[in-house]
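The values are calculated or read from the model by the stated rules, or taken from the named source; none is laboratory data. Everything quoted here is computed from the prediction, not taken from an experiment. Note: ideal-geometry Cβ built from the backbone for every residue, glycine included; neighbour counts use all protein chains shown.
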Amino acid sequence: MIKKGIQFSIERIFDITISLLILTISLPIMLFALLGIVFTMPGYIFFTQERVGKNKKIFRIYKLRTMKVDKDAEMKLDGSKDAERLTKFGKILRRTKIDELPQLINVLIGDMSLVGPRPTIYQQVINYSEMQAHRLDMRPGMTGLAQVNGNIYLSWDERIKFDLEYINHFSLMLDVKILAKTVLVVIFGEKKFKGEQS
């Protein structure tokens with residue numbers, strides 16, 4: 001059995017290598033998405049937001065914008081107007097996860113990993129219980145155990161359960177399984193995988 005410390009080091013090398021590879025391959029897709037945003041929802045192209053990472057480190061996450069610009073709604077962070085702000089092109093970007101591709105930059109920088117608990121906003125973190133705070137023991141990920149087992153169809157408590165299960169049973173093999181299943185989730189949709197175990 002490879003020690004966890006060594007596995008973390010290998011994971012970091014894996015993160016950098018795969019991120020560079022995906023960024024290179026996905027450049028034409030990203031360029032198409034950028035043009036789509038410019039023509040269908042005028043305004044800035046990238047959506048950025050402060051999130052909390054490993055050991056409560058604050059970092060800025062990058063995504064392609066999928067909603068109409070509304071500064072007031074973005075400041076409230078309650079999501080009450082998200083449904084009406086989401087554009088048709090934005091729905092496509094979300095369904096295919098193309099809007100998440102800029103987070104590969106976060107992975108390269110070291111703020112995120114390819115696999116791990118999804119990063120949340122500070123307003124959520126300050127209300128974490130002692131158990132929930134263990135989500136911050138590892139780098140947040142672009143995908144994770146919760147994301148390949150239902151994601152938006154899960155309750156908050158169910159997501160936490162999956163995140164803690166991932167942290168407690170971390171291994172490179174588990175990362176590989178989650179990444180492979182993520183491809184299937186992108187193809188078939190999240191609902192199909194609700195309740196399945198990786």
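A few points about this structure:
- Only one of the numbered conditions (1) free of Cβ contacts under 8 Å to residues at least 12 places away in the same chain; (2) under 24 Å from LYS4 (Cβ atoms); (3) surrounded by 12 or more Cβ atoms within 10 Å (Cβ to Cβ) is not met by LYS192, and that is (2).
- Selection within the stretch 150-163 - within 16 Å of the chain's Cα centre (by Cα) and outside any loop (DSSP other than H, G, I, E, B): ASN151, ILE152, TYR153, TRP156, ARG159, ILE160, PHE162, ASP163
- Scope the stretch 125-149; condition of a type in the set (A, V, I, L, M) and in a strand (DSSP E or B); matching residues: MET142
- Test result for LEU145, of a type outside the set (Gly, Ala, Ser) and within 11 Å of VAL115 (Cβ to Cβ): yes
- ILE152 meets each of the listed conditions (1) closer than 24 Å to GLN7 by Cα; (2) of a type in the set (A, V, I, L, M); (3) surrounded by fewer than 16 Cβ atoms within 10 Å (Cβ to Cβ) apart from (1).
- Only listed residue being in contact with a Phe, Trp or Tyr (Cβ under 6 Å, 6 or more places away or on another chain) and either under 30 Å from THR40 (Cα atoms) or in contact (Cβ under 8 Å) with a residue 60 or more places away in the chain (or both), chosen from ILE105, ILE152: ILE105
- Hits in the stretch 74-120 - residues which are in a loop (DSSP other than H, G, I, E, B), modelled with pLDDT under 90 and closer than 22 Å to ARG159 by Cα: LEU77, ASP78, GLY79, SER80
- Condition met for GLU196 (modelled with pLDDT of 95 or more and more than 24 Å from LYS63 (Cβ to Cβ)): no
- Only one of the numbered conditions (1) in contact with a helix residue (DSSP H, G or I) (Cβ under 7 Å, 6 or more places away or on another chain); (2) more than 24 Å from ARG65 (Cβ to Cβ) is not met by VAL107, and that is (2).
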